[in-house]
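Accompanying notes for the structure given below.
The values are calculated or read from the model by the stated rules, or taken from the named source; none is laboratory data. Treat the numbers as computed from the prediction; the structure is a model and nothing was measured. Please note: Cβ atoms are built from the backbone with ideal geometry, for glycine as well, and neighbour counts cover all protein chains shown. We work out accessible area using only protein heavy atoms, side chains counted, and drop any ligands, DNA or RNA first. Shrake-Rupley method; radii C 1.70, N 1.55, O 1.52, S 1.80 Å.
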Amino acid sequence: MKKIILIVFLLLFQNSFSKPVTETQKLAATCKVWGFLKFYHPNVADGSKNWDEQLFQILPKVEEAQTAEAFSLVIENWINSLGEIKKQETAKPTVKKEYFDKNFDLSWFNNRELFSKSLSKKLKFIEENRIQGKQFYYTSKPYIEVINEIKYNDFKWTDKNLRLLALFRYWNQMEYFFPYKYKMDQNWDAVLIEMLPRFNNPESEKDFVLAMREISIKLNDTHASTQMKQLNDYFGDKFIAADVIFIDDKAVITKFKNDSLAQIDDIRIGDVITKVDGKGVKDLINENLKYAEGSNKPAVLKNIYWAVFNGKTGSIEIEFIRDNSISTKTIKRYSYKDLKVRFSNNGEKWKLLEDSIGYIDVESIKADELPKVMEQFKNMKAIVFDARKYPKERNIEEDIAQYLYPKEKAYAKFIDVDLSYPGRYVWREDQKTGKTNPDYYKGKVIILENEKTQSHGEHLVMCLQAAPNAVIIGSQTAGADGGVCRYEIIKGYSTIFTGFGVFYPNGKETQRIGIVPDIEVKPTILGIQQGRDEVLERAVLFAKNGK
């Protein structure tokens, strides 16, 4: 009886393994195996094979495989053709690494729906005996730099092999080298399954281009996007002459790109735009969320401007509110060149505010100006550091910290890719700054931030936040700290993403969360219309009464 049960079980197992598999299942598994071998297999990761061409050769065989068993055999034969891998002796590391493994997961080796036991065993053997020498396709400085990829200057979207190559390259780059993969809204494996049909059988060039854009937005990273010239063809390359922020699903004019052009259409600061070409601003935002990068909602709203207001035509009709009255009118749009954007910083780098309060604009202050400024402000009851714009001076935060810290102190820690074990990250030593300084500034340190506080700006806030008597006032930052990685996926399609992880010394995250303010203050429509800086006003109030 036991023998019969065993035979039935084996037959059921065999039938289960031989069941038909979908094209998407096969391509997703092929993508994962191809990427894994590219970075792990000693005879592939050394660059000795044309790995793109290997993909093009295996794809027809994958397509022919009608069952899981047949597919698994195709992949196993492919791996066998790559040559022998020598078993390595496990050497004791000279320096013990502290790993950060929230991204690391090779459990897909054991996918019993698609992989035979022998294939799973082969993949595990490759992991354990992975390449130990120099990688051919990437390096780290300290964040990942993609190298030695064929550009395909004659790339055409109609070429199925190259479309799949673009997807496979991008997906695996993020699989192994995006430090915040674990923070995404959607599982990265699920993204692959969702997007594969868009790359395998796009309805049009537009569908393919938008798929290339959408997959990068799914990283939920304010740094991350894919850029291609065709986006201008679909969304338009003409701008209105004003900048906006979105409040309560409405667009509020905050400043002008060109004062003279804005005046022609009588656009005013504080105008509240509710519709664009008859469509509600809220609806336009919701329609275009999948094209706008952002780690959190404020960051997405900061970046979605172009998808709401840009277009191909030279004008748009807007519905807007001014003086409690709803009106409509037509305003002009301009090419960026004709817009002649005037970049200017009319504010002072530093100044004295009321009641013994100093103010420093960290966007424009330079390191060699700090001795003079801090000498002037050393007896102030408070200094306001405005970090609502991007700092231009490299490492300005550590220059400022010399005046604010009583002694050396850790304020951040990083994770870097382990080049010898793709997909794994190691903790770097804490980032410290400051020095023994009994004459450090002892007044209130007030830091202003908002959704435009991003990357270096967030790093600066973390550094100033570690000073004694520091308080942060404003709103959620962009939630994308860490250096950026840029590269061309395939000719005409460039991408960018956060390249290494940044945390507080205790391991607390900043990605997506941003730097959380101690006192939350956001601009209001009324405040904008009255020309007030409500965040700075709140800082002055805190400087006076500590509340």
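Structure summary
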item: Accessible surface of the stretch 401-522 [probe 1.4 Å, protein heavy atoms]: carbon and sulfur percent; result: 47 percent
item: Straight-distance crosslink candidates among aspartates and glutamates, where the alpha carbon sits under 16 Å from residue 124 and sequence neighbours closer than 8 are dropped; result: 76, 84, 89, 105
item: List 484, 384, ordered by accessible area with a 1.4 Å probe, largest first; result: 484, 384
item: Relative contact order (%) - criterion: Cα under 8 Å, at least six apart; region: the chain; result: 14 percent
item: Relative intensity, log₁₀ I(q)/I(0), of the stretch 327-476 from a Debye sum that treats every alpha carbon as a point, q = 0.10, 0.11, 0.16, 0.19 Å⁻¹; result: -0.46, -0.53, -0.89, -1.14
item: Share of Cα-Cα pairs in the stretch 80-168 lying beyond 17 Å, as whole percent; result: 73 percent
item: Estimated 222 nm signal from helices in the chain, with DSSP H stretches of n ≥ 4 weighted -39500 (n - 2.57), rounded to 500; result: -11000 deg cm²/dmol
item: Helix 456-465 vs. the chain, principal-axis angle (Cα, 0 to 90°, nearest 10); result: 70 degrees
item: Packing rank of 208-216, 44-52, 282-290, where each peptide gets the mean count of other beta carbons within 10 Å, highest leading; result: 208-216, 44-52, 282-290
item: Computed accessible area, residue 160, all protein chains, 1.4 angstrom probe, square angstrom; result: 70 Å²
item: Contour minus Cα-Cα distance for residue 329 and residue 348 (0.36 nm per residue); result: 3.2 nm
item: Helix axis angle, 2-17 relative to the chain longest principal axis, alpha carbon, degrees; result: 50 degrees
item: Percent carbon-and-sulfur accessible area, the stretch 215-286, ignoring ligands, DNA and RNA, probe 1.4 Å; result: 44 percent
item: Extension gain from residue 158 to residue 23, taking 0.36 nm per residue of separation minus the Cα-Cα distance; result: 46.7 nm
item: Accessible-area order (highest first, 1.4 angstrom probe) of the listed residues 440, 405, 390; result: 390, 440, 405
item: For the stretch 163-269, fraction of C-alpha pairs farther apart than 17 Å, in %; result: 65 percent
item: Euclidean distance between Cα centres, the stretch 99-159 to the stretch 464-512, Å; result: 25 Å
item: Cα shape, the chain, gyration tensor, a/c 1.5 rule; result: oblate
item: Accessible area (Å², per residue) of the stretch 416-532, counting only protein heavy atoms and a probe of 1.4 Å; result: 37 Å²
item: Crossing angle, helix 188-200 versus the chain [Cα axis fit, 0-90 degrees, rounded to tens]; result: 80 degrees
item: Dipole of the chain [Lys/Arg +1, Asp/Glu -1 at C-beta], most positive-end residue of 521, 318, 335; result: 521
item: Two-site label geometry, residue 379 and residue 491: point separation in nm, points 7 Å out along Cα→Cβ; result: 6.9 nm
item: Within the accessible area of the stretch 124-212 (1.4 Å probe), percent carbon and sulfur; result: 47 percent
item: The stretch 434-488 pair-distance distribution - Cα-Cα, 10 Å bins, rounded %; result: 22, 42, 24, 9, 2, 0
item: Total charge dipole magnitude, the chain, about the Cα centre, Cβ charges on Lys, Arg, Asp, Glu only, Debye to nearest 20; result: 900 debye
item: Net length gained if the chain between residue 407 and residue 336 were fully extended (0.36 nm per residue, minus Cα distance); result: 20.7 nm
item: Antiparallel bridges, percent of DSSP beta bridges restricted to the chain (to nearest 5); result: 75 percent
